[in-house]
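Peer 1: Please find one structure pasted underneath; my questions will follow.
The values are calculated or read from the model by the stated rules, or taken from the named source; none is laboratory data. This structure is a prediction, so every number in the text was calculated from the model and none was measured. Positions of Cβ are backbone-derived with ideal geometry, glycine not excepted, and every protein chain shown enters the neighbour counts. For accessibility, only protein heavy atoms count, side chains too; no ligands or nucleic acids. Shrake-Rupley method; radii C 1.70, N 1.55, O 1.52, S 1.80 Å.
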Amino acid sequence: MVRKFLFISLAGLLLTVSLGFTNFKKTVLASSDTIDAEAQQQILDATVRITLFAPLTDDADNPQYVTVDGQQAIQYVVGEGLGTLARSGSDVFIITHDHWTLLTPNLTKVQFHNVVGELLLEVSGADFQQMIRYRDGGTMVLNAADELVSGLTAVSPGDSRSVGKNDIVYLAYRQPENGIVSVVAMLVKKEMTYKGKAIFKLTSLNGKFVVEGNSGGGLLFNHQLVGNMWGTILERQVLRETGEVISPLAQTSLSLAAQLPNNILLQ
């Protein structure tokens, strides 16, 4: 008998983590089918691309260098994801995911770009850490600097409890082959709990995959932010009788998103 095993793959950074297995990248073409123009533009205007930079180090934590034009320069590793500008009263925040692997004392700098690639803000690693207002392992809230407020258009936070099975949500989606941010429609399969966090299990309406670079992408329902993209579900088939793996680890159109915690922006 064949048994299918499902794994969770974090979809946001330099590496894809899949509970001990290495995931592969696959080209994805986003589709705007079934998405009204107003909702699409609202998401794009509120979305920010977030890029973390940290030095590449050896096993002894020593920075690694590369020679450029006869000069030595530190090599950097880069982590990329998305966030959403949200407003609560007079306060404005960036909502993103909370599995940034480069968020360590070695973090050098962080850049914020809009969806067309214009640099809105660059801060040091230390200043980025000071921007963090809230984090719970699924969702991170950053205080938004003036440069982000003036460069983006905030959305309102919604009540994730208003979203139910078979509802359609819209996702800010960064295409892996060219970095262009677009919008895709996702169907809510069910609400569930993963590692103690309330999440949505989603499936893309066009059958495409959510891959690295997309964690933190905002989920909107009725024009309000209700969550952020968090992980992709991977699948492999194993013979129940022997445990023999009979298919490679493969992407599916299923993904997980962290629900926006209630009253998160009031904390």
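Peer 1: Let me spell it out: the conditions are (1) surrounded by fewer than 18 Cβ atoms within 10 Å (Cβ to Cβ); (2) β-branched (V, I, T); (3) at pLDDT 95 or above, and V141 meets all of them except one. Which number is the exception?
Peer 2: (1)
Peer 1: Going by the structure shown, is L220 closer than 16 Å to Y173 by Cα and either touching a strand residue (DSSP E or B) at 6+ places or on another chain (Cβ under 7 Å) or modelled with pLDDT under 80 (or both)?
Peer 2: Working: closer than 16 Å to Y173 by Cα: yes; either touching a strand residue (DSSP E or B) at 6+ places or on another chain (Cβ under 7 Å) or modelled with pLDDT under 80 (or both): yes.
The answer is yes for L220.
Peer 1: Mind listing just one residue for me: the one in region 176-190 that is assigned to a strand (DSSP E or B) and not β-branched (V, I, T) and, of those, farthest from A258 (Cα to Cα)?
Peer 2: In this case the residue turns out to be S182.
Peer 1: While we're looking at this one, here's another question. Can you tell me which of (1) open to solvent by 40 Å² or more (accessible area, probe 1.4 Å); (2) assigned to a loop (DSSP other than H, G, I, E, B) is the one W100 doesn't meet?
Peer 2: The failed condition is (1).
Peer 1: Further question: Of the numbered conditions (1) charged (D, E, K, R); (2) buried (at least 20 other Cβ atoms within 10 Å of the Cβ); (3) within 15 Å of V48 (Cβ to Cβ), E212 fails exactly one; give the number of that condition.
Peer 2: (3)
Peer 1: Condition first: open to solvent by less than 70 Å² (accessible area, probe 1.4 Å) and on the phi < 0 side of the Ramachandran plot. Now tell me which residues in region 112-128 satisfy that. Lay out the reasoning, then the answer.
Peer 2: Within region 112-128, the subset open to solvent by less than 70 Å² (accessible area, probe 1.4 Å) is 112-115, 117, 120-121, 123-126, 128.
F112, H113, N114, V115, L120, L121, V123, S124, G125, A126, F128, listed by residue number.
Peer 1: Of all residues in region 74-95, which are closer than 27 Å to D61 by Cβ and in contact (Cβ under 8 Å) with a residue 60 or more places away in the chain?
Peer 2: Within region 74-95, V77, V78, G79, E80, G81 qualify.
For every residue, the table says whether it meets (1) open to solvent by less than 70 Å² (accessible area, probe 1.4 Å); (2) in contact with a strand residue (DSSP E or B) (Cβ under 8 Å, 6 or more places away or on another chain); (3) among the polar types (S, T, N, Q); (4) assigned to a strand (DSSP E or B).
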{"site": "Q41", "(1), (2), (3), (4)": "no, no, yes, no"}
{"site": "L52", "(1), (2), (3), (4)": "yes, yes, no, yes"}
{"site": "V66", "(1), (2), (3), (4)": "yes, yes, no, yes"}
{"site": "Q72", "(1), (2), (3), (4)": "no, yes, yes, yes"}
{"site": "V92", "(1), (2), (3), (4)": "yes, yes, no, yes"}
{"site": "T96", "(1), (2), (3), (4)": "yes, yes, yes, yes"}
{"site": "V110", "(1), (2), (3), (4)": "yes, yes, no, yes"}
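Peer 1: Here is a follow-up. Give the number of residues within region 115-134 that are in contact (Cβ under 8 Å) with a residue 12 or more places away in the chain and in a strand (DSSP E or B).
Peer 2: Qualifying residue count, region 115-134: 7.
Peer 1: Let me ask you something else. Tell me which residues, restricted to region 158-175, are open to solvent by 40 Å² or more (accessible area, probe 1.4 Å) and in a strand (DSSP E or B).
Peer 2: Correct list: I168, Y170.
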